[in-house]
Structures are given as structure tokens and as C-alpha cells.
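*Asks:* What follows is a structure written as C-alpha cells; I'll ask about it next.
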Amino acid sequence: MLTATEAKLLDALEPRAAQEGVEIVTVEVAGARKAPTIRVYVDHPDGVSFDVLSSSQAWINDIMDEIDPFPGAYTLEVSSPGIDRPLRTAEHFARFAGEQAAVKTAAPVGGRSSWTGELAGMEGGDVILLVDGERVALPLEGIKRAHVKGTIDFGS
């Protein structure tokens, strides 16, 4: 799911995140090679407040300065995962069981690589998704990208 660069950045950030009591949901590197944008999505057990974002931005920036992942210019963005929360780990897929999710696989599974359905958790190394009344097992290591499909109830 992560590129080698994204995995390297995640590995550099996770020990400090644990000390700070935040979770690094995922890291994305996007944009031009000469001046990319590094997006770090953080979560906190009590929710992501402005204070959590502000303090996370500070220590993440310090680590980025130390490792200098892209000599020259880059933009650092630190954000909450938002309503369409990315899913990366087995724990993420298990925690959000019951939610609607969109999943893209690196290679086709059963003739397709785009899936949308209800997360039913994990079984072994497979993400279980209920799609159109069918139970589908997608190998976690074959998932390219996945996220919760956020919904808003305007009737409440």
C-alpha cells in the first residue's frame, strides 16, 4: 500500500507518535518530484483537536528536518484522517468493521480490482468485505488503497 519512501517516513515517525499518544494513520507523498507534498494523517483517542494537530506538526517537522527526505523544497501537511479515513493495517480494517469502505487491489481479485461494500473485519491475512450480498476475502498485502466511505446523516 505504501511506497518505499512513504514506508520509510512512517517508520521514522511511528516511535515518536507512540510517545506523543497519537497514531500515524498513514503517510502520502504526492505532487512533483522536485517539490512534493508530504501528508501525514494523525489520529488521537480523544479525537484530533487543534492542539493535537499543532503539537504533531511541530515534532513531525523536527523529524522531517532530521531525515531530510527530499533535499530542497517540500511541503508538509499534518491532518486528521477525516470522514473518508484511510485504512492501512489489519487493525484498521478490524476496528472499522460495519462501515462502508472502498478498496482498490494491486491485482484483480475475481476479475476486478475496485470494491465497495461493508467491512466485516479480518480473517487471517484477508480483509472481509460484504459486496452485493456476497462475502469477499481480499488479501491485505494485495490492497493498494482503501478508505472508509464517510456518511453524513442530515436527518438528525
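*Asks:* Given the conditions (1) of a type outside the set (Lys, Arg); (2) at pLDDT 95 or above; (3) touching a Ser or Thr at 6+ places or on another chain (Cβ under 9 Å), report the number of the one that Met1 does not fulfil.
*Replies:* (2)
*Asks:* Follow-up. Among (1) surrounded by 15 or more Cβ atoms within 10 Å (Cβ to Cβ); (2) in a strand (DSSP E or B); (3) among the basic types (Lys, Arg), which single condition is Arg135 missing?
*Replies:* (1)
*Asks:* Do the conditions hold for Pro71, that is, is it part of a loop (DSSP other than H, G, I, E, B), without any contact (Cβ under 8 Å) to a residue 12 or more places away in the chain, loosely packed, with under 11 Cβ neighbours inside 10 Å and not small (Gly, Ala, Ser)?
*Replies:* yes
*Asks:* Note down all Cβ pairs under 7 Å where the first residue falls in segment 139-153 and is crowded, with 16+ Cβ neighbours inside 10 Å, the second is of a type in the set (Ser, Thr, Tyr), and they're at least six residues apart or on different chains.
*Replies:* Listed pairs, sorted by first residue: Gly142/Thr105; Ile143/Thr105.
*Asks:* Then there is this: Please determine, by comparing only the residues of segment 75-88 that are touching a helix residue (DSSP H, G or I) at 6+ places or on another chain (Cβ under 8 Å) and polar (S, T, N, Q), which one is farthest from Ala35 (Cα to Cα).
*Replies:* Filtering segment 75-88 for residues that are touching a helix residue (DSSP H, G or I) at 6+ places or on another chain (Cβ under 8 Å) and polar (S, T, N, Q), the one farthest from Ala35 (Cα to Cα) comes out as Ser80.
*Asks:* Continuing with this model, one more query. Can you pull out the residues in segment 88-116 that are within 15 Å of the chain's Cα centre (by Cα), of a type in the set (D, E, K, R) and in a strand (DSSP E or B)?
*Replies:* Result: Lys104, single match.
*Asks:* I've got another one for you. Determine, yes or no, whether Ile152 is assigned to a loop (DSSP other than H, G, I, E, B) and hydrophobic (A, V, I, L, M, F, W, C).
*Replies:* yes
*Asks:* Conditions first: (1) more than 24 Å from Arg145 (Cα to Cα); (2) touching a residue at least 12 places away in the same chain (Cβ under 8 Å). Ser54 passes all but one, so which condition is the exception?
*Replies:* All conditions pass for Ser54, except number (2).
The values are calculated or read from the model by the stated rules, or taken from the named source; none is laboratory data. All values reported here derive from a predicted model rather than from experimental measurement. Counting neighbours? That spans all protein chains shown, and the Cβs are built from the backbone with ideal geometry, glycine included.
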